[in-house]
Every structure is written in C-alpha cells, then in structure tokens.
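Notes follow once the structure below has been shown.
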Amino acid sequence: MSKSTAPSFLSPRRILVIAQSTVTHLIRMKVFYFLAPIAVLFVGLQFFDGLWYAGPDTTLVEQELRMHKNICLGTMMLFGCLFAVVSTALLIPGDVEDRTLYTILCKPVPRMDYLLGKLLGVVFVILVAMAVMDLLMVATLHLRVEAKLAEITELLIDRGLPEREIESVRAEVAAHGSTLNLQYGVLAHFLKAAVIVAVALLISTFSTSTLFTIAVSVMVWIIGEFQWIVRDGLFNDAEYGELPTTADRIVGTIVSVVFPDFRLFGAIADGASRAQTVIPSDVGQLCGLAGMYLGIYVVLSWFVFRDKEF
Amino acid sequence: MSEVPAVEVKDLVKDFRGSFRGRKVRAVRKVSLQIAPGEVYGLIGPNGSGKSTTMKALLGLLAPTSGACAIFGRNSLKVDSRRDVGFLPENPYFYKHLTAAETVRFFGKLCGMRGRKLRERVSELLKLVGLEEARDRRLKGFSKGMLQRIGLAQALVQEPRLLVLDEPTAGVDPAGSREIRDLILELKKRGITVFLCSHLLEQVQEVCDRVGIINQGVMVKEGVLEELISLENRTELVLENAGPDLRDQIRLLVEVTDGARMVSEGKARTTLERLFLEETRDRPANQKNLQDDE
Ligand SMILES: Nc1ncnc2c1ncn2[C@@H]1O[C@H](COP(=O)(O)OP(=O)(O)O)[C@@H](O)[C@H]1O
Ligand SMILES: [Mg+2]
C-alpha cells in the first residue's frame, strides 16, 4: 500500500528536504538580521578615510586598502565560524532535546541523511551570508579605490608626472582593490566555516547540550588556528640544538590528526588581502584539505550517531 | 496464521545504564507479542512499566539488549522497516516555526512524497484530524490536543499499514480523546493495524481487539479483550420507565429460578465522561482549542 520509494542510503532528495527545512528554520530564527550591523560596519569603514596620501609612494594607500580588506575578511571569517558553531549547536542538540528527532527518524530516514541534510543546510546559509558580505566588501572597496585613484591622479598631474608613470601608480593601487585574488581569501574563510560546521556536527552527536557543543567546538577551532605554531615549535627545535623527543612527535601527530589545521586557510586569506598572487595549486590544495576534513568529521559523526539511542 | 504479522516482538529485553556507576535498570523483561494485520492492540500498564520502551524498540529508536522486533517481517533496526509505520510519540513535539500544513508536508517529503499528491494528502489529513482552520498557523501557539492531532496527521502521511500510538489521548480533554478514539475506529475500518498504549483503561477498552497488560517490564496477561473482561455467568439489563410493580415481578421471577441470584439493583448512571461530553457537545473541538490559545 505504501507508495514511497525504497529508502536507499544517501538519497539526495531526502538530504535536500532536510537541508531545506534547516534553512527555513534558520531563516525563521531571523539569523540574517545579523547582516545588518555588518553592513553598517563595512559602509562605515569608508569614513575612516586616510588623509595620508603624500606622494608617488603608494605604501600608505595600500595600507589603508589593506586595512579595509582585513577588517572585511576578518569579519566574514569571524561571523562564518561563529555562525557555524552556534547554529549547528542549536539545531542538533535542540532536535534531540525537543524529541523532534524521534518523529524524523521514525520515517524511513537513514541517520546519515539526517546528518548530511543538517550540514548542508547550515553550510548553505553560511554561503548566502558570505556572498552578501562579499558583495558588500567588493562594492565598498570599489568605491574607495575609485575615490583614491581620482585623488592620486589629480595630485600627480599637479606635480606634473609623466602619464606613463601615473598609469603605473594607478595600476599598483588598483591591484590592492577588489581582484579575483581577493575572492580566494573569501573562499578560504568559507571553507574554514564549512569545516567548523562539520566539527560542531561531530561534537553535537555525542553531547546533549548546546553549551557544551559550543564550548568544545570553539576550542577545536582555536586549536585548529594555532596548532601549527606549537608543532613548529616541537619539530624545529633542532636549530637550537634540541631534537624533538619521541613524545613530542607522538603528541604532535595526534594533535594534527584529531584537530583540523587551519594554517593554509589563514595563509591564503592573508595572501589575498596582501594582494599577493595566489597560486592555483594552493587553492586546489585548500579545497582538497577542506574536503578531507569534511569527509573525516562527517564519517566520524555517523559512527557516533548510527547507534545512538533516544 | 500464514500471514506475516504486522508487529512481532520476540523476547525483548532492554537494559538502561542507570547512573555513572553502571548499575543497570531492566526496563523490559522478555516481552513477546504479535499483532495480526488489521488488529487493534492495546498495551496497558502503569507509568514506567516499559510501554514506551517497547514501542521505541519496535521503531528502531532503541536497540534491544536481547530479542528482536519486526514490522511486517522487516527487522526494526533496518531503515526500510519504517516505510510502513507511522508513529505518534508520547507528548509529541514538532518544529515550532512551521505551520500545521508545513509540518505534515515536511514529513510527507521525508517519506519521498511530493507534488500534487502530497498537497492533496496534506489537506485530506488536516481535515481528518480537524485542523483545517489552523492549517496556516505556526505550531508555536498550539494546544496539547492540537499537537497530538498534528502528530496523528504526520504519522498517517505516507499511508502506513501500521500505526503506533504512544498514549494518544494523554493530556487531551474528553471531547478530544473521544475524537481520537473515533479516528482509531475509522482507521481500523480501513484495515490499518493499530498498536497503542495507555494507562487509561476505559479508552483501551473501547477500541482494542486485543490487550496486553504489562507491569514492571513483564507482560502479565494478554488476550482478546472480550474474554478478559466478560464475567461469563453474569448478565446486565438496563430498563427505562420500569415502575415498582415490574421490578417486584422481576425480583420474584429471579427468586423462583433455580441458581439465579440478583446481584445488584439500582439507578443506572451515566458516566461522568458521558455527561461531560453531552454538556460540551455544541462547541466544536477545534474552535475551543483556538479560543484556548488566544
Ligand atoms: N533513556 C532511559 N534511560 C534510563 N532509564 C530509562 C530510559 N528510558 C526509560 N527508562 C526507564 O525504563 C522504565 C520504563 O520506562 P517507559 O518505557 O518510558 O515506561 P512507560 O512508557 O510504560 O511509562 C522506567 O523505569 C524508566 O525510568
Ligand atoms: Mg510512556
């Protein structure tokens, strides 16, 4: 009598249904309202207008633009990662606490589909939020660069510099504006936020409280940001005539396996904001790394969640 | 019985780990039961006797410590056993941000339904459970009885052959629980198997073909309801407008009959419940619920 199709493991349609419901949930929690103060911040940055430009040396202008980009990218990173932690920690333990999960799992829904749906939903909302912030950043940056260029050109013409030289100065300044390079920085932050969603997903499969999930996820995030510094310290002491001990190596290896390492993410974002050319192979490596972390944490989440009792 | 049973619970044992020290609590001790397709089965027992635990094991929300459960022959631990079953949990709770219609639609989609068929099914179910007027209201302000009905609607969404109801009338007023009982009888007519549990005995009595009595995790009695509760050698008659003469005659007749004895005599009473239902009849149930919320 039942006309529903056989529940296969990993049905894209069912995953999308859960993802969609997650997105609806987050939207109705009014999460996008957080974008308003961020928009105010980005637009407000315009008013911190450096009156610093002095001559053909563009360092000061570059610094000013870099500050703008750093603040925007930093905000995006902070917002993305915090949002990743908080929303995942609210949604999944919430479902367990409210027992809404009962009714969902009593339908022919494989538990993996539920997890992937939640992950996808949160990541999608982050993607939209980041895209909006990205757009704001690009627009404000564009306006600022245009204003600077006009100012500089006028100044240089006044000083009677040859046109060719003016052009090269303009090109130098423009390179610090909104470029494709900058978008790699946004990508790095987005991927980091996605990995953090997967981390919070894993933690929320065995924790029962929202607060615990948030605390542990933030801890993992911070370790992910800084573990390379510690590991560098452990492994590269050789210069000072001190070889790493076996214990050091073991600890280092465990830390690097259990916790994500966000060094590359930060490096690419940093390079992007400095207007250094980002190497495509680095971007490829970044995507691969993010994919690997997502895969590991989702599979681990599933292992925990599979046999969970309610 | 060559037919595959709708529900088969075999020697189900479920332990819960108590405190940190690992003292185990045995919630269900070797419970076995079978429900044939089309049957309405009632599991009754006091609070904490293991009713919900048995149902959760049947739905694969809990893994049995030992023993096994199956729905239409499919092991409960497998996802596809859930295709043919609808579950109404105890005190159901749904996403507060969704409306009644969105909630039912969400569960329909989870079962792989979509398009016009799903839309029609949602309207049909909301009508069936009497929530048409509330269809576009968010569940945030729903009363207990309304949540229970939404729970029934989502359980029925994919037209399952088996319905598992955990205390379907708990916390619902008598008019509401009467409607839920009528609904169960209606579903029974359509051939749907129902497995329900309750600690309210009269309700079970009215709808169930077979009952099991569970106490402290042990099935203490099981059987056909009629056989369990009828007193074979007694007959009850209720008379209307019988004067003292007629009553004397009957009493006399009983006295002269060998072996017969009048056990009790008195005014027939309505039950408090029936009285309540009669007095509150003119108010439609959902309107009342709407008023509750405002
Ligand atoms: N998750 C759990 N952890 C520990 N003990 C539980 C859990 N669920 C139920 N129990 C215990 O199992 C027994 C049966 O509970 P339950 O099946 O909910 O009873 P009923 O539904 O008949 O009221 C109770 O003693 C209860 O305390
Ligand atoms: Mg119970």
Most fluctuating of B:Asp173, B:Asp182, B:Asp258 in the GNM of chain B (C-alpha, under 10 Å) is B:Asp258
Note on region A:12-305: alpha-carbon gyration tensor, axes a ≥ b ≥ c; rule is a/c under 1.5 for rounded, else prolate if a/b larger than b/c, else oblate; result oblate
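How high is the FRET efficiency between A:Ile254 and B:Ala63 when r is their beta carbon distance and R₀ equals 30 Å, given to the nearest 0.05?
Once the sixth-power term is evaluated, E becomes 0.45.
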As straight-line cross-link partners of A:Lys69, the qualifying lysines (C-alpha separation under 19 Å, not fewer than 8 residues apart within one chain) are A:Lys148, A:Lys192
With B:Glu124 itself left out, Lys, Arg at +1 and Asp, Glu at -1 over residues whose Cβ is under 11 Å from its Cβ give +1
The summed charge of the B:Val220 Cβ neighbourhood (under 15 Å; Lys/Arg +1, Asp/Glu -1) stands at +4
Highest GNM mean-square fluctuation among A:Thr205, A:Thr88, A:Thr277, for chain A with Cα springs under 10 Å, belongs to A:Thr277
For region B:5-130, averaging the sequence separation of alpha carbon pairs under 8 Å that lie six or more residues apart and dividing by its residue count, the contact order in percent is 22 percent
Rounded to a whole number, the Stokes-Einstein D of region A:41-196 in µm²/s (Kirkwood radius over Cα pairs; 4 °C; 1.567 mPa s) is 70 µm²/s
For chain A, the longest principal axis of the Cα atoms and the Cα long axis of helix A:246-258 enclose an angle in degrees, to the nearest 10, of 80 degrees
Most fluctuating of B:Ile229, B:Ile250, B:Ile35 in the GNM of chain B (C-alpha, under 10 Å) is B:Ile250
Honestly the protein assembly as shown on the Cα gyration tensor test (a ≥ b ≥ c root eigenvalues; a/c under 1.5 rounded, otherwise a/b vs b/c for prolate or oblate) is just prolate
At 4 °C and 1.567 mPa s, the Stokes-Einstein diffusion coefficient in µm²/s for region B:69-140, with hydrodynamic radius from the Kirkwood sum on alpha carbon pairs, is 95 µm²/s
Convex hull around the C-alpha positions of chain B: the volume in Å³ per residue is 186 Å³
Here the gain from full extension of A:Phe310 to A:Phe47, 0.36 nm per residue of separation minus their alpha-carbon distance, amounts to 89.2 nm
Expressed as a whole-number percentage, the relative contact order of region A:104-260 with C-alpha contacts under 8 angstrom and at least six residues apart is 20 percent
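What pairs from B:Lys51/B:Lys189; B:Lys10/B:Lys127; A:Lys308/B:Lys144 go past 32 Å between their alpha carbons?
Going by Cα-Cα distance, B:Lys10/B:Lys127 fall outside the 32 Å limit.
None of the figures in this text is laboratory data; all of them are computed from the coordinates on show. Small disclaimer: the values here were computed from a predicted structure and weren't measured. Here the Cβ is made from the backbone with ideal geometry for all residues, glycine too, and neighbour counts use every protein chain on show.
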